[in-house]
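The values are calculated or read from the model by the stated rules, or taken from the named source; none is laboratory data. In this text, all values refer to a predicted model and were calculated from it rather than measured experimentally. Cβ coordinates were reconstructed from backbone atoms using ideal geometry, including for glycine residues, and neighbour counts include every protein chain displayed.
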Amino acid sequence: MDLIDGLKAFVATAQTGSFTEAAKRLGVSNRLTSKYVAELETKLGARLLQRTTRKVGLTPSGQQLLNRAPALLNEFDDLLANINEEATSLHGTLRIAAPVTLGEIYIQGLVSRFAAIHPELSIDLRLSDQHVDLASDGFDLAFRVGTPDVSTLKARKLFEFTSHLVASPGYLKLKGTPLSPGDLDTHTCIIDTNRRNANRWVSQQNGQEYTFHPTRNLMVNSANIARDWAAEGCGVALCPNFVLHKQLSEGKLVRLLEDYQLPMHPLYAVYLEGNVLPRKVRALIDFALEDVQNNDIVTLPAA
């Protein structure tokens, strides 16, 4: 058995939880995948997987190997590509995770533009507002809002965006326009529960910080729905600026408290720590850094 084949079979099985799914990912038979893993366990002298009738789980030794094996395999692939001077095109599969709203508005376009210039690369984009574990879930890269707090990850900042308090003209005509954060006490507030510290709306003016704790009138785990509810006249919403372009341009929403500054939020591309960054991951990050300059999703229409 080739040690690399054994590691690939183990990683695919551990990430999918199934020999059958691992075999599909690797393009080999179920029997061969199981054989490779068994031979790897024999070679290492340790049980790596707990096999049951329904699912395959990890032993402590298997978890330890999974924490490092994907990065080692990526480094090996990168080494071979660098040795082969003619290997200019990207191959294999690139698995990407991104938050839902930003993924639907921008990341999906970024990925399709990247895929167009790398036709031999298979790309699997998964959108979820849950933080994925890149190692155990088998992702090469994730786009995340906020500074990563995991020591095993490296990150590149792509851009920053802010949020705005918005309401519909009809709602403001009925309820009045708030002129300070304290005025929001008398308004219906729409809370996007996906936000970090969703119940703290922080702003600044002339160096003074103001914190408002909105009443939990309407709550939803979607920036798009919070925006739409505000446009329908349901209340005041705090939304990231990249979801507001159309509604502000059409006059369906109005920005509030424009004399107050809200915090900036960075978007990072994060990937597993390793000695060598895989070519396909490096290529996507370099492309993303250029793409965000040509597709400014955070510029709002003039008020």
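Among the residues in region 168-184, are any modelled with pLDDT of 90 or more, farther than 21 Å from Arg95 by Cα and touching a Pro at 6+ places or on another chain (Cβ under 8 Å)?
yes
In a residue-by-residue description of region 265-288, the property of being aromatic (Phe, Trp, Tyr), in contact (Cβ under 8 Å) with a residue 40 or more places away in the chain, more than 29 Å from Gly170 (Cα to Cα) and assigned to a helix (DSSP H, G or I) applies to at least one position.
Condition check ((1) among the β-branched types (Val, Ile, Thr); (2) more than 27 Å from Val270 (Cβ to Cβ)) across all residues:
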position: Thr33; (1), (2): yes, yes
position: Gln50; (1), (2): no, yes
position: Thr59; (1), (2): yes, yes
position: Gln64; (1), (2): no, no
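Out of curiosity, is Gly233 part of a loop (DSSP other than H, G, I, E, B) and either more than 24 Å from Lys154 (Cα to Cα) or at pLDDT 90 or above (or both)? Spelling it out, Gly233 is indeed part of a loop (DSSP other than H, G, I, E, B) and either more than 24 Å from Lys154 (Cα to Cα) or at pLDDT 90 or above (or both).
Of all the listed residues (Arg227, Arg216), the sole one being in a loop (DSSP other than H, G, I, E, B) and not small (Gly, Ala, Ser) is Arg216.
Scanning region 51-61 for residues that are at pLDDT 85 or above and either closer than 15 Å to Ala9 by Cα or surrounded by 13 or more Cβ atoms within 10 Å (Cβ to Cβ) (or both) turns up Leu58, Thr59, Ser61. Can you find a residue in region 113-125 that is in contact with a His (Cβ under 7 Å, 6 or more places away or on another chain) and surrounded by 14 or more Cβ atoms within 10 Å (Cβ to Cβ)? Yes, region 113-125 contains a residue that is in contact with a His (Cβ under 7 Å, 6 or more places away or on another chain) and surrounded by 14 or more Cβ atoms within 10 Å (Cβ to Cβ).
Considering region 191-208, the residues that are over 26 Å from the mean Cα position of the chain (by Cα) and in a loop (DSSP other than H, G, I, E, B) include one that is surrounded by the most Cβ atoms within 10 Å (Cβ to Cβ), namely Asn206. When Leu272 is tested against (1) of a type in the set (A, V, I, L, M); (2) at pLDDT below 90; (3) not assigned by TED's automatic domain parsing to the domain that holds Val100, only condition (3) is not met.
Residues that are under 25 Å from the mean Cα position of the chain (by Cα), under 21 Å from Leu244 (Cβ atoms) and hydrophobic (A, V, I, L, M, F, W, C) number at least 2 in the following strands (runs of 3 or more DSSP E) confined to region 110-190: 141-145, 153-161. Which one of these is at pLDDT 85 or above, outside any helix (DSSP H, G or I), touching a Lys or Arg at 6+ places or on another chain (Cβ under 7 Å) and aliphatic (A, V, I, L, M): Leu90, Leu94? One residue alone meets the criteria, Leu94.
Within region 226-251, being in contact (Cβ under 8 Å) with a residue 12 or more places away in the chain and either outside the structural domain of Leu174 (by TED's automatic domain parsing) or surrounded by fewer than 16 Cβ atoms within 10 Å (Cβ to Cβ) (or both) holds for Glu232, His245, Ser249, Gly251.
Considering each of Thr152, Thr162, Thr177 in turn, give the residue that is in contact (Cβ under 8 Å) with a residue 12 or more places away in the chain, closer than 30 Å to Leu58 by Cα and surrounded by fewer than 17 Cβ atoms within 10 Å (Cβ to Cβ).
Thr152
Residues in region 179-228 that are among the β-branched types (Val, Ile, Thr) and in contact with a strand residue (DSSP E or B) (Cβ under 6 Å, 6 or more places away or on another chain) were compared, and the one that is nearest to Val145 (Cα to Cα) is Thr193.
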